[in-house]
Amino acid sequence: MGDLESDVEVPRFFLCPISLEIMKDPVILSTGITYDRDSIEKWLFSQKNDVCPVTKQVVVDIDLTPNHTLRRLIQSWCTINASSGIERFPTPRLPISKPEIVRLLKDTKSPQLQLKSLKRLKTIVMENEKNKRLVESVSAADYLAGILSTGAGEISGVDGFVSTGVDEAICILYHLKLSGNGLKSLFGITENFVETLTRVMQRSASYESRAYAVMLLKSMFEVAEPIQVTSLSTEFFKELVHILVDQISQKATKAALKLLISVCPWGRNRIKAAEAGVVPVLIDTLLDTTEKRLSEMIIVILDQVCQSAEGRSDLLKHGGGLAVVSKKILRVSPVASERAVRILYSVAMFSGTARVLEEMVQLGVVGKLFLVLQVDCGSKMKEKAKEILKMHARVWKRSSCISNDLISSYPS
């Protein structure tokens, strides 16, 4: 719009209540108030507000109805006042509608139309946040989960159509960025949707689809109920280990680690994770990485899994297990240091054989525990280090690998 002359008065009802500018594309919210489309979409979807700015009512229906009458009035007013430098707004392009999305979803059930419909749906979802919420509001997750449940069981790497349909469906479902309630509903959409995503991780030839599967699972388990967390299969953990081994992408690796952190506080899951071979893979990753956040997550998981006999056994079988855990103390973060000391405590308390205790001395683990007592760090960590040293003080005092200075400083 050009510069307005001082004697041109804009009717107040032409102005958007949010931007206070003339509305280019007036739309009516479910609360009955008209806003400019760009302003109200930004308010609802980008800023994630759920109330009407004017009435303060909670917005339940996010569908926006074009106010054609008001738009025509504004356009006519602009034309009449063109001599004052006011430009006429063009008629806006019609946005995607709920009926169109519903039609696309129904078409996904047809083998002939499925792929074309999914590709169109993906374009819509990727366009903006408003489209994501609109697609979610018409129960798109049900359709997409159905495609995945059917297709994931048939993925063979040979049937290109089935595989492609699964790839498109999981891409859309991940990028929908479902709300908390939407994520919770995924658990009950099919008989066991977690198993479906596990099969995608296991059978899909696409690294991208496997990454989307683990990232979607990570989001789901952030809102999961305990019963859903405690009913996981060993296969689930095996596929997470494969994700870590294959190093599909940094996002997928971090999602797999976060997922393990969220499910391994439960005792049975710790055993399943250990049986799936997670400990040696985590140690190898810890030995190779210098990234602090990655190291912290790995140490947290090792602490959880090493609370099981199976986890501790795998840690001690690995040639670099004790050494790398000890090395990371005071080098990564306070959280990582405290968890690393807890791992050493679990080993000393429950697996402290003569061979293990000697190895802890030779690898410098005992020396690192003494260092913990001498530096400024968390009191809980100091107490745990002191308990470990007291626990096997007689054995370690006899070792020729410990200096007299350290012996004299043993806590009483």
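Key figures for this structure:
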| read-out | value |
| --- | --- |
| Filter pass, LYS48 being charged (D, E, K, R) and closer than 17 Å to ARG133 by Cβ | yes |
| Helices (runs of 4 or more DSSP H) contained entirely in the range 160-217, each with at least 2 residues that are within 14 Å of THR150 (Cβ to Cβ) and either at pLDDT below 95 or polar (S, T, N, Q) (or both) | 160-175, 193-203 |
| Every residue from the range 109-132 that is surrounded by 14 or more Cβ atoms within 10 Å (Cβ to Cβ) and either acidic (Asp, Glu) or touching a Phe, Trp or Tyr at 6+ places or on another chain (Cβ under 6 Å) (or both) | GLU129, LYS130 |
| Out of GLU291, GLU275, sole residue that is touching a residue at least 40 places away in the same chain (Cβ under 8 Å), on the phi < 0 side of the Ramachandran plot and not assigned by TED's automatic domain parsing to the domain that holds ARG203 | GLU275 |
| Residue in the range 370-382 that is nearest to the chain's Cα centre (by Cα), counting only those that are in a helix (DSSP H, G or I) and surrounded by 13 or more Cβ atoms within 10 Å (Cβ to Cβ) | MET381 |
| Subset of the range 31-49 that is more than 18 Å from MET126 (Cα to Cα) and hydrophobic (A, V, I, L, M, F, W, C) - its residue that is modelled with the lowest pLDDT | TRP43 |
| Answer from LEU344, LEU330, LEU389, LEU316 - the residue that is outside any helix (DSSP H, G or I) and either aromatic (Phe, Trp, Tyr) or touching a Leu at 6+ places or on another chain (Cβ under 8 Å) (or both) | LEU330 |
| Residue in the range 258-272 that is surrounded by 24 or more Cβ atoms within 10 Å (Cβ to Cβ), within 19 Å of the chain's Cα centre (by Cα) and assigned by TED's automatic domain parsing to the domain that holds GLU168 present | no |
| Flag for GLY364 being out of contact with any Lys or Arg (no Cβ under 8 Å at 6 or more places or on another chain), under 23 Å from THR289 (Cβ atoms) and free of Cβ contacts under 8 Å to residues at least 24 places away in the same chain | no |
| Residue in the range 71-94 that is under 36 Å from the mean Cα position of the chain (by Cα) and exposed (fewer than 12 other Cβ atoms within 10 Å of the Cβ) present | yes |
| Yes/no for ILE101 being modelled with pLDDT under 90 and closer than 25 Å to ASP167 by Cα | no |
| Selection within the range 44-70 - among the hydrophobic types (A, V, I, L, M, F, W, C), surrounded by 12 or more Cβ atoms within 10 Å (Cβ to Cβ) and within 41 Å of the chain's Cα centre (by Cα) | LEU44, PHE45, VAL51, CYS52, VAL54, VAL59, ILE62, LEU64 |
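The values are calculated or read from the model by the stated rules, or taken from the named source; none is laboratory data. The structure displayed is predicted, hence computed values, not measured ones. Note: ideal-geometry Cβ built from the backbone for every residue, glycine included; neighbour counts use all protein chains shown.
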